[in-house]
1. Need the full-extension length gain, D92 to D122, defined as separation in residues times 0.36 nm minus the C-alpha distance. One decimal, nm.
2. With a 10 Å Cβ neighbour count serving as the proxy for reagent exposure, in which order, fewest first, do V33, V116, V41 appear?
Amino acid sequence: MTINGRANGRAEVIELDQSTYAVTSGRDAHATVGQRVRWRVLNLSPDDPHTFHLHGHAWCDRASIQTNGTCPAGSLPIDNVDLLPAQGVTFDFVEQHPGRWMYHCHIVDHVTDGMVAFYTVDET
Ligand SMILES: [Cu+2]
């Protein structure tokens with residue numbers, strides 16, 4: 001996973017193999033309120049589906065970009081996405097939510113195995 005083109009926090013590698021999830025630097029991913037943030041999420045598993053979920057945020061489906069926190073006509077806000085093996089998603093938003101937010105896979109066994117990390121948004 002990368003945020004703004006850089007690997008950050010504990011998600012430099014989400015999955016090493018079918019049962020071990022990477023914990024790398026232990027640092028949170030960071031952004032600042034007002035910053036345009038691009039997330040690239042990729043399921044590197046050879047055979048496990050994953051459901052990416054980011055707390056406290058939503059982005060627009062259909063690769064649409066939020067304007068003033070609203071999705072354009074024909075696009076809906078979403079906060080999780082199912083990813084099959086080797087499938088990825090890229091989404092953008094303008095950060096508006098300061099705090100420390102969890103992001104994780106929504107499959108319970110994957111969360112308990114450690115597929116969870118944090119994203120900190122600083123005030124401007
Ligand atoms: Cu998963």
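No lab work stands behind these numbers, since they all come straight from the coordinates. Bear in mind the structure is a predicted one, so any value in this text is a computation, not a measurement. Virtual Cβ from ideal backbone geometry, glycine too; neighbours counted across all protein chains shown.
1. Separation in residues times 0.36 nm, less the Cα-Cα distance, equals 9.1 nm.
2. Result, fewest neighbours first: V33, V116, V41.
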